[in-house]
Amino acid sequence: MGKKLAITGNQAVAEAMKQINPDVCAAYPITPSTEIMQRFASFVSDGVVDTELVTVESEHSAMSACIGASAAGGRVMTATSSQGLALMWEMLHIASGMRLPIAMALVNRALSAPLNIHGDHSDGMGSRDCGWIQLYSENAQEAYDNIFQAVRIAEHEDIRLPAMVCMDGFIISHSIESMEFLPDDVVKDFIGEFKPTNPLLDVDKPVTYGPLVLPDYYIEFKKAQHEAIKRAKRVTLEVAKEFEKISGRSYGLFESYRLEDAEIAIVVLNSAAGTAKDVVDAFRDKGIKVGLLKPRLFRPFPYEEVADALGGAKVIGVFDRADSFGGFGPMYMEIASAMVASGSSPLMINRIYGLGGRDFMPEDAEAVIKELVEIADTGKAGTLKEYIGVRE
Amino acid sequence: MSTPLRLKELSKKADLLTGGHRLCAGCGAPIAIRQVLLAAEVPLVASNATGCLEVSTTIYPYTAWKIPWIHTAFENAAATISGAEAMYKSLKKQGKIDRKIKFIAFGGDGGTYDIGFQSLSGAMERGHDIVYICYDNGAYMNTGIQRSSATPLGANTTTCPAGSVIHGKPQPRKNLTKIMAAHNIPYSAQASPAHWRDLMTKVRKALEVDGPAFINILAPCNRGWRTPTHNAIELCRLAADTCFWPLYEYENGRLTINYKPKEKKPVTEFLKTQGRFKHLFSPDSQDLLKQAQENVDREWDNLLREAACWADEAEQTG
């Protein structure tokens, strides 16, 4: 068994990166993820890792250097948040289009304007179409565990795609909580040696990365990418099973909490799920059949499995910590797609909460669940999309 | 033992940028890049900014490159190659690779002077062991001749067209070679394919130094310069003879001028060969012509003065 320590989310991720010992990291400071690379830099300075740390002049260059390094043929990691991810956006597509298994910690933070450094999911959700695998984490333990699994999923020969592990800025990145580390040798065995495919550094077998591809072949590249990320669902479960053997901690595509017989379901991502679970318990104590679904693998999205898990619910409340202005929240759109495709038609509402780090309190969850109970009774949903926890 | 820089020996070396690519007939870029590749005596890994060179040499499923090559985007050839170089360093340190490999980046003036400027500056400051080659044709030729910060004063481009009020580009060029030298990198130089032996010597010096090097190479574009397709080299020679494109190098901060024309020709001799400057020869553009000559004179005089200082110092220190 590994040792138990009280540590912040950022420190947990930095520790995971130390144990992974990637060949190259390229990163640029940005709140709230700065501490990850800052701590990692001291591992580099102290010679604890073999990593070449490229301290670039922007996040755009960070991802560009990660791509160059990954194509050269080795294990590459980075971390960022918010505006940093936004600046990387162009390169995120290029990393996935080139099928490079880069692993990144994304410490979720709101996007400007107005400037805000606190946690919401606008950055991660905004990059959901970039072709990266996305794993979300409720707490430091999950972030730590997900980092190892993300490396394995990304590098799997059936996948070869970049992956990001998301956790909430400040709420998780800067809060100290108790968690368990895995021993170094156990991590090393789990991660294994990096297996390069078509590396640039094989100068005897020159390869061309990033050619101009016209309408005669472009869509074939994209189809291949589509097939690859689809396979990530299966690989995520395989890797989770292996991870359970070394850690005793079990992971799936999502977490179902008291969903089996639930007539009312809520969908909550990341740290807010912890708060909401307590509220679910309180309602269960009153005999109300409420359950919670906490997504983990957001890309690829496990539509069938989510629909199965939510299938018994008459009403569903989907919480979004990001908005797609003029549309429903991103999570709502996925859950709605899942339910429609499965042929079931529960009443569904969308509640936007916690933007820019506004606290998500038990009362917020309570109010929404009460509303869901009423909808279940009346069969009428009222306002489908609404902001909650807003000053009036 | 390096291949001697003589045509007879060089002609026996394999071309690393093969024929069959789709750059225009008469384009200066592939001439310059082939000279660069011909000079190299170590295995290279290249990155390439988006631009003519990139799109015309790698139309899928074909590639003209016989070296490992990567293109990611427009503004980041330097950052991309710095990542590849970092991976090489890491794997070498870990004993996973042992052979000598050098890293080179190619970009046009748009991808280098403008959108890729930050990425280039960052990579130079970080001290990667890379060579950055800019092929400077003085505009965004790939998108259809738009002005860049390398476009010469008065040039007619599609975004600074010669009109009845504004006579082409109102601003002079940015002096990127000097800006690169100001990064205090071990090697930076300006070259031209007309002086091929000088260019190839510079490439060898750039590849030899341990750390970042930058070479700015003039590469005529007949589409954008409005010139015929047979005289790219002649135009390069005129650029050096008029001191519009002086050939010089900074080795650890020390300037050497590599070519001093016996008789410095007026810049109009260079300008009049090209359709992009045609309007400057009408009576109402005389001021711009005068200014163009003054700019060339000032920059050339500055170079001469600086080189003279270095020569004096060398004399004093014996």
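Just so it is clear, none of the values below were taken in a lab; they were calculated from the coordinates. These numbers were taken from a predicted model, which means no experiment stands behind them. Don't worry about glycine lacking a Cβ; one is built from the backbone with ideal geometry, like all the others, and counts go over all protein chains shown.
Each 10 Å bin from 0 upward holds the following percent of the Cα-Cα pairs of the range A:86-218: 11, 33, 32, 18, 6, 0. Summed over all non-identical Cα pairs, the Kirkwood treatment of chain B gives a radius of 20.1 Å.
A cut-off under 13 angstrom between Cβ atoms defines the neighbours of B:T201, and their net charge, with Lys, Arg +1 and Asp, Glu -1, is 0.
When shorter helices are ignored and each DSSP H run of at least 4 residues is given -39500 (n - 2.57), the per-residue value for chain A at 222 nm works out to -13500 deg cm²/dmol.
Once you sort the root eigenvalues of the Cα gyration tensor of the range A:117-176 as a ≥ b ≥ c, which label holds: rounded (a/c under 1.5), prolate (a/b larger than b/c) or oblate (the other case)? Oblate, since a/c reaches 1.5 and b/c is not below a/b. Rg/Rh for the range A:211-276 (Cα atoms only, Rh after Kirkwood) is 1.19.
Inter-chain Cβ neighbour count for A:225-238, averaged per residue, equals 0 (cutoff 10 Å, partner chain atoms only).
A convex hull fitted around the alpha carbon atoms of the range A:241-310 yields 101 Å³ per residue. Using only side-chain charges placed at the Cβ, +1 for Lys and Arg and -1 for Asp and Glu, the dipole size of the protein assembly as shown relative to its Cα centre rounds to 2480 debye. Using Cα pairs under 8 angstrom and six or more residues apart, how large is the relative contact order of chain A, in percent? Relative contact order comes out at 16 percent.
Length, then width, then depth: along the principal axes, the Cα atoms of the range B:133-227 run 50, 26, 20 Å. With the gyration tensor restricted to C-alpha atoms of the range A:254-387, the semi-axes of the equivalent ellipsoid amount to 18, 18, 15 Å, longest first.
Eigen-decomposition of the gyration tensor built on the alpha-carbon atoms of the protein assembly as shown gives equivalent ellipsoid semi-axes of 56, 28, 22 angstrom, largest listed first.
Radius of gyration over Kirkwood radius for the range B:181-318, both on Cα atoms: the Rg/Rh ratio is 1.02. Taking the Cα centre of the range B:16-316 as reference, the dipole from Cβ charges on Lys and Arg (+1) and Asp and Glu (-1) amounts to some 780 debye. For chain A, the longest principal axis of the alpha carbon atoms and the long axis of helix A:330-342 meet at an angle near 70°. I'd like the orientation of helix B:117-126 relative to chain B: the angle between its Cα long axis and the longest Cα principal axis, in ° from 0 to 90, rounded to 10. Roughly 40 degrees, rounded to the nearest 10. Panel values: the range A:46-117, Kirkwood radius from alpha carbon pairs, Stokes-Einstein at 20 °C and 1.002 mPa s, translational diffusion coefficient 164 µm²/s. Of all the C-alpha pairs in the range A:160-295, what % are more than 25 Å from each other? I get 54 percent for the Cα pairs in the range A:160-295 exceeding 25 Å.
With a 10 Å cut-off around each Cβ of B:101-109, the average count of Cβ atoms from other chains is 1. Legend: mean number of C-beta atoms from other chains within 10 angstrom of residue C-beta atoms, peptide B:55-62, equals 5. Kirkwood hydrodynamic radius of the range A:4-247, from the reciprocal of the average inverse Cα-Cα distance over all distinct pairs: 17.9 Å. Computed from Cα atoms alone, the Kirkwood hydrodynamic radius reported for the range A:177-229 is 15.5 Å. Specify whether the C-alpha gyration tensor of the range B:1-130 places it in the rounded, prolate or oblate class, a ≥ b ≥ c being the square roots of the eigenvalues: rounded for a/c under 1.5, otherwise prolate if a/b is larger than b/c and oblate if not. Since a/c reaches 1.5 but b/c is at least a/b, the shape of the range B:1-130 is classed as oblate. Relative to the first principal axis of the alpha-carbon coordinates of chain B, what is the inclination of helix B:28-39, with its axis defined by its Cα atoms, in degrees from 0 to 90 and to the nearest 10? Helix B:28-39 and the main axis of chain B meet at about 30 degrees. Annotation: peptides A:338-347, B:98-107, A:6-15, ranked by per-residue average of other Cβ atoms within 10 Å with the highest first, follow the order A:6-15, B:98-107, A:338-347. For the protein assembly as shown, the residue among A:Y251, B:A308, A:M331 whose Cα projects farthest onto the positive side of the dipole built from Cβ charges is B:A308. Look at where the Cα atoms of the range B:85-104 and of the range B:206-252 average out, and the two centres are 31 Å apart. In chain B, the calculated helix contribution to ellipticity at 222 nm averages -11000 deg cm²/dmol per residue, counting -39,500 (n - 2.57) for every DSSP H run with n ≥ 4.
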